[in-house]
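First the structure, in the form of structure tokens, and then the observations on it.
The values are calculated or read from the model by the stated rules, or taken from the named source; none is laboratory data. Computed from a prediction, not measured in an experiment: that's the story for all the values here. FYI the Cβ positions are ideal-geometry reconstructions off the backbone, even for glycines, and counts take in every protein chain you see. Calculation scope for accessible area: heavy atoms of the full protein, side chains included, ligands and nucleic acids excluded. Shrake-Rupley method; radii C 1.70, N 1.55, O 1.52, S 1.80 Å.
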Amino acid sequence: QVQLVESGGGLVQSGGSLRLSCAASGSIFSTYVMGWYRQAPGKQRELVATVTSGGRTNYADSVKGRFTLSGDNAKNTVYLQMNSLKPEDTAVYYCNYRHWPYDYWGLGTQVTVSS
């Protein structure tokens, strides 16, 4: 089992910044993919950004140039720096940890961007 603890959500004005953190604990594998997905009301959950244990990142087109995902392997933690936030970024953000065939999710943290 892997436990994911998320922090850093909140309310921010358009153009502002937030930083999300996700710490993994438990049965951590040496190779994995961690990252963030988000789900807005009435919409499907979508990819925001992921990073592999080897440092390779992948971003949704909608956040490229605004969001930066980084990882600290020693702490099994990933950080999502979100800049130039827009109202359409409003969603519940979920941390995800994957090592096939295992797939773990955090409880989610609310990010609200006011216009």
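Mind listing the phi-derived Karplus ³J(HN,Hα) values for region 19-34, rounded to whole Hz, using 6.51, -1.76 and 1.60 with θ = phi - 60°, and x for any glycine or proline?
With coefficients 6.51, -1.76 and 1.60, one gets 10, 9, 10, 9, 10, 9, 9, x, 7, 7, 8, 6, 10, 6, 10, 10 Hz.
Based only on Cα atoms, what mean projected area does the convex hull of the chain have, in nm²?
Spelled out: convex hull of the Cα atoms, projected over all directions, averaged, 6.7 nm².
For the chain, modelled as a GNM with alpha-carbon contacts under 10 angstrom, which of Lys86, Lys64, Lys43 fluctuates the most?
Per the Cα network of the chain with a 10 Å cutoff, Lys43 tops the list.
Over the chain, with the other protein chains present, what is the accessible area per residue in square angstrom, probe 1.4 angstrom?
54 Å²
Leaving ligands, DNA and RNA out of it, report the carbon-plus-sulfur percent of the accessible area of the chain at a 1.4 Å probe.
49 percent
Between region 6-72 and region 78-104, how far is it from one alpha carbon centroid to the other, in angstrom?
Computed from Cα coordinates, the inter-centre distance equals 3 Å.
Which order do Phe29, Phe67 take by accessible area at a 1.4 Å probe, largest first?
Phe29, Phe67
Charges at C-beta only: +1 for Lys and Arg, -1 for Asp and Glu. How large is the resulting dipole of region 50-115 about its Cα centre, in Debye rounded to 20?
Charge dipole, region 50-115, about its Cα centre: 140 debye, nearest 20.
Give, as a single signed number, the net charge of other residues whose beta carbon lies under 12 Å from the beta carbon of Val12, with Lys and Arg counted +1 and Asp and Glu -1.
With Lys, Arg at +1 and Asp, Glu at -1, the net is +1.
Nothing charged except the Cβ atoms of Lys and Arg (+1) and of Asp and Glu (-1): what's the magnitude of the dipole of the chain about its Cα centre? Round to the nearest 20 debye.
The dipole magnitude comes to about 120 debye.
In whole Å, what are the extents of region 74-115 along the principal axes defined by its C-alpha atoms, from largest to smallest?
Sorted largest first, the three principal extents are 40, 21, 14 Å.
Which whole-number percent is the relative contact order of the chain (Cα, under 8 Å, 6+ apart)?
35 percent
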